Amino acid sequence: EAGVVQSPRYKIIEKKQPVAFWCNPISGHNTLYWYLQNLGQGPELLIRYENEEAVDDSQLPKDRFSAERLKGVDSTLKIQPAELGDSAVYLCASSLDRRHEAFFGQGTRLTVV
Amino acid sequence: DQQVKQNSPSLSVQEGRISILNCDYTNSMFDYFLWYKKYPAEGPTFLISISSIKDKNEDGRFTVFLNKSAKHLSLHIVPSQPGDSAVYFCAASPQGGSEKLVFGKGTKLTVNP
């Protein structure tokens, strides 16, 4: 069974440019999460989807970050415009539902220069 | 303030010996705890979990102990193997699943041959 797939693995952009990350969760997993991981820190939740509905986006900086999960499967996380402080690893995870353990993708390492 | 604390940034043990990774939490509402393992350039991998109704959960070489009165949990790895060398994250949830996971900063385990 394929795991959570994320792309790209690495991205380098100049500040003020837009960037998008894509995630394909494990088949059959209804819950999808986007996490942010800064260097030396644990992952921090940005947004959680139950199917296509964003049920917890309280930690998402909505002035520059947006996300969508059309049709309740794949998801895209966008930053526009990117700032130097956005440099981090962006992790996507999925779980069967919110009561089960989450499985993570390999992450996208973003560098803003 | 950090709700989940892993006070040891690193731990080094000899192959074949026991590795003990510790985690403390402050939020008494947490009722589900997970351990994730992370290799460089990969996403976290789910390892083992424990519900607050239990004080021990075992899976092969891995055992998690929960002391609710002390708000403390630990992960024991016996015997330790070089392939166990990774960063281990403790995570906690107030609602019995992955819904609102709060992660610690991680402990880097090195198992020496």
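Just to be sure before I move on: is A:S66 surrounded by 13 or more Cβ atoms within 10 Å (Cβ to Cβ) and of a type in the set (S, T, Y) in the structure I sent? Break it down into steps so the answer makes sense when it comes.
Working: surrounded by 13 or more Cβ atoms within 10 Å (Cβ to Cβ): yes; of a type in the set (S, T, Y): yes.
Answer is yes for this residue.
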* To do: Looking only at the stretch B:69-77, decide whether some residue is out of contact with any helix residue (DSSP H, G or I) (no Cβ under 8 Å at 6 or more places or on another chain) and β-branched (V, I, T).
  => no
* Asked: Considering the stretch A:69-95 alone, what residues qualify as being within 17 Å of A:V4 (Cα to Cα), buried (at least 19 other Cβ atoms within 10 Å of the Cβ) and small (G, A, S)?
  -> A:S75, A:A93, A:S94, A:S95
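Would you check which residues across the stretch A:26-45 are open to solvent by 10 Å² or more (accessible area, probe 1.4 Å) and out of contact with any Lys or Arg (no Cβ under 6 Å at 6 or more places or on another chain) and list them? It would help to see each step written out before you state the result.
Keep residues of the stretch A:26-45 that are open to solvent by 10 Å² or more (accessible area, probe 1.4 Å), which gives A:26-30, A:36-41, A:44-45.
Passing the criteria: A:I26, A:S27, A:G28, A:H29, A:N30, A:L36, A:Q37, A:N38, A:L39, A:G40, A:E44, A:L45.
Okay, residues lined up against (1) free of Cβ contacts under 8 Å to residues at least 24 places away in the same chain; (2) under 30 Å from A:P8 (Cβ atoms):
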position	(1), (2)
B:S52	yes, no
B:F65	yes, no
B:I77	no, no
B:P94	no, no
B:G97	no, yes
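In the stretch B:18-113, which strands (runs of 3 or more DSSP E) lie fully inside it and hold 3 or more residues that are within 14 Å of another protein chain (Cβ to nearest Cβ) and open to solvent by less than 50 Å² (accessible area, probe 1.4 Å)? Please lay out each step first, then the result.
Numbers: elements: B:19-25, B:32-38, B:45-51, B:56-59, B:62-67, B:72-77, B:86-93, B:107-112.
Hits in the stretch B:18-113: B:19-25, B:32-38, B:45-51, B:86-93.
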* Considering each residue of the stretch A:4-28, count those that are under 15 Å from A:E68 (Cβ atoms) and either in contact with a helix residue (DSSP H, G or I) (Cβ under 6 Å, 6 or more places away or on another chain) or among the small types (G, A, S) (or both), and give that number. => 1
* Structure fact -> Selection from the stretch A:74-97 of residues modelled with pLDDT of 95 or more and of a type in the set (D, E, K, R) yields A:D74, A:K78, A:E83, A:D86
* Which pairs do you get when a residue that is free of Cβ contacts under 8 Å to residues at least 12 places away in the same chain, found in the stretch B:28-43, comes within reach of a residue that is open to solvent by less than 40 Å² (accessible area, probe 1.4 Å) and among the hydrophobic types (A, V, I, L, M, F, W, C), reach meaning Cβ atoms under 7 angstrom, with the pair 6+ apart or on two chains? -> B:G43/A:L91; B:G43/A:F104
* To do: Being assigned to a strand (DSSP E or B) and either at pLDDT below 95 or loosely packed, with under 14 Cβ neighbours inside 10 Å (or both) is the filter here, so list the residues in the stretch B:1-17 that pass it.
  => B:S10, B:S12, B:Q14
* Residue tally, condition at pLDDT 95 or above and part of a loop (DSSP other than H, G, I, E, B), over the stretch A:1-26 -> 10
* To do: Specify the residue that is farthest from the other protein chains (Cβ to nearest Cβ); the eligible residues are those in the stretch A:1-23 that are within 20 Å of A:D57 (Cβ to Cβ) and crowded, with 17+ Cβ neighbours inside 10 Å.
  => A:V19
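The values are calculated or read from the model by the stated rules, or taken from the named source; none is laboratory data. Because the structure is a prediction, the values reported are computed rather than measured. Glycine gets a Cβ as well: all are built from the backbone with ideal geometry, and neighbour counts include every protein chain shown. These accessible areas exclude ligands, DNA and RNA; they are computed on the full protein's heavy atoms, side chains included. Shrake-Rupley method; radii C 1.70, N 1.55, O 1.52, S 1.80 Å.
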